[in-house]
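What follows is a short report on a single structure.
Nothing in this text is a laboratory measurement; each read-out follows from the coordinates by a stated rule. If you're wondering where the values come from, they're calculated on a predicted model, not measured in any experiment. Counting neighbours? That spans all protein chains shown, and the Cβs are built from the backbone with ideal geometry, glycine included.
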Amino acid sequence: MTVDLIKSGNSFVRLLAVDEADINKLLNENLKPMWDGEDAPAIASKRAADAVNEFLKSNPQ
């Protein structure tokens, strides 16, 4: 669904979760090195996914 929304011109997809702010913070912190050109996308996205998955284990939505 996210890919379809982006293809149709939406540049932002809002995450609907109880802890949305905390999850977005984790994503931003872990993806920043990629945006800064310091990490490869595969490395940064894996790190972000792992961080969010760990958070969700402790904080089910």
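Quick notes
- Candidate aspartates and glutamates - alpha carbon under 19 Å from Lys25, same-chain residues fewer than 8 apart omitted: Asp36, Glu38, Asp39, Asp50, Glu54
- The charge dipole of region 16-58, taken about the Cα centre with unit charges on the Cβ atoms of Lys, Arg (+1) and Asp, Glu (-1), comes to about 100 debye, rounded to the nearest 20.
- In terms of overall dimensions, the C-alpha atoms belonging to region 16-58 reach 31, 16, 13 Å along their principal axes, ordered largest to smallest.
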